[in-house]
Amino acid sequence: QFKAVVGRDNLAANGFELPGDIAGIIVTGIAIGDMALSCNEGKVRSLTFVFNDGTIRTVSARAQSSGGFNRGNSGNSGDLGFISDLHGNPCISGRFVTNAPAYLTDIIGLRALGVAGQAYAEAQRTTYSGMQGSSSAITGNAGSYALGQAVSGGTNEVTKWLLQRLKNSFDAVITPSGNQLVVHLDREIQIDKA
């Protein structure tokens, strides 16, 4: 979710001013991060008009998209418009943040430890093959075999736990607050105030 506040000094477009009793607009919508470009695209979903007398009126794409709302030629179902930076770039720059590498590093390390433990245990075992099949026996140190199996089993359990935790990992593009934006509206907005 994102929110932008449009003040009275900014309420003009193409030489037209909005009515003087509008104090400002609160723009809300959905931000979608782009990992490769480290930026956020913002889709405007609602506009809340604040009037000088304290009255507020909200126009929402969610409430209007199923009814007789004129979608025009924008093709953006469910959106009133989008935001851009001051240069018209529709992807607002930010910083990509993720905690996945920490999980993946731990998982790779544990898997390697598990393989090493299994290999250490198997080094204590000898396998015999013959006409009647194959068999194996512990010919080395039984304590070393047990230690290798314990290390392998323990790391497998911790790895399973970490894989469950990996579902809680996140990727996000963080755009600092206080940026100046341009709000582009694709639809005519009718301000309904008694």
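Within the stretch 46-58, how many residues turn out to be of a type in the set (A, V, I, L, M) and more than 15 Å from Phe82 (Cα to Cα)?
2
When you check Lys160 against the structure, is it in contact with a Lys or Arg (Cβ under 9 Å, 6 or more places away or on another chain) and modelled with pLDDT of 70 or more, yes or no?
Criteria not met by Lys160.
Is at least one residue of the stretch 24-36 open to solvent by 50 Å² or more (accessible area, probe 1.4 Å), at pLDDT below 90 and under 19 Å from Gly81 (Cα atoms)?
Within the stretch 24-36 (the criterion being open to solvent by 50 Å² or more (accessible area, probe 1.4 Å), at pLDDT below 90 and under 19 Å from Gly81 (Cα atoms)), the answer is yes, since at least one residue qualifies.
Please determine, by comparing only the residues of the stretch 1-20 that are open to solvent by less than 80 Å² (accessible area, probe 1.4 Å) and at pLDDT 85 or above, which one is farthest from Asp171 (Cα to Cα).
This residue is Val6.
With the requirement that a residue be of a type in the set (A, V, I, L, M) and either in a helix (DSSP H, G or I) or under 45 Å from the mean Cα position of the chain (by Cα) (or both), what does the stretch 121-151 give you?
Ala121, Ala142, Ala146, Leu147, Ala150, Val151
Within the stretch 163-192, track down each residue that is assigned to a helix (DSSP H, G or I), of a type in the set (A, V, I, L, M, F, W, C) and either over 30 Å from Gln124 (Cβ atoms) or modelled with pLDDT of 75 or more (or both).
Matches in the stretch 163-192: Leu166 only.
Among Arg45, Arg57, which is the only one that is open to solvent by 30 Å² or more (accessible area, probe 1.4 Å), in a strand (DSSP E or B) and closer than 11 Å to Ile191 by Cβ?
Within the list Arg45, Arg57, the selection yields Arg57.
Only one of Ala112, Ala137, Ala61 is touching a strand residue (DSSP E or B) at 6+ places or on another chain (Cβ under 7 Å), modelled with pLDDT under 75 and not polar (S, T, N, Q). Can you tell me which?
When all the criteria are applied, what remains is Ala137.
Would you confirm whether any residue within the stretch 96-109 is in a strand (DSSP E or B), at pLDDT 90 or above and open to solvent by 30 Å² or more (accessible area, probe 1.4 Å)?
No, there is no match, as no residue in the stretch 96-109 is in a strand (DSSP E or B), at pLDDT 90 or above and open to solvent by 30 Å² or more (accessible area, probe 1.4 Å).
The values are calculated or read from the model by the stated rules, or taken from the named source; none is laboratory data. Since the structure is predicted, the reported quantities are computational estimates derived from the model, not experimental observations. In this analysis, Cβ positions are derived from the backbone assuming ideal geometry, glycine residues included, and neighbour counts consider all displayed protein chains. When the accessible area is computed, the model is the full protein with side chains, heavy atoms only, and any ligands, DNA or RNA have been set aside. Shrake-Rupley method; radii C 1.70, N 1.55, O 1.52, S 1.80 Å.
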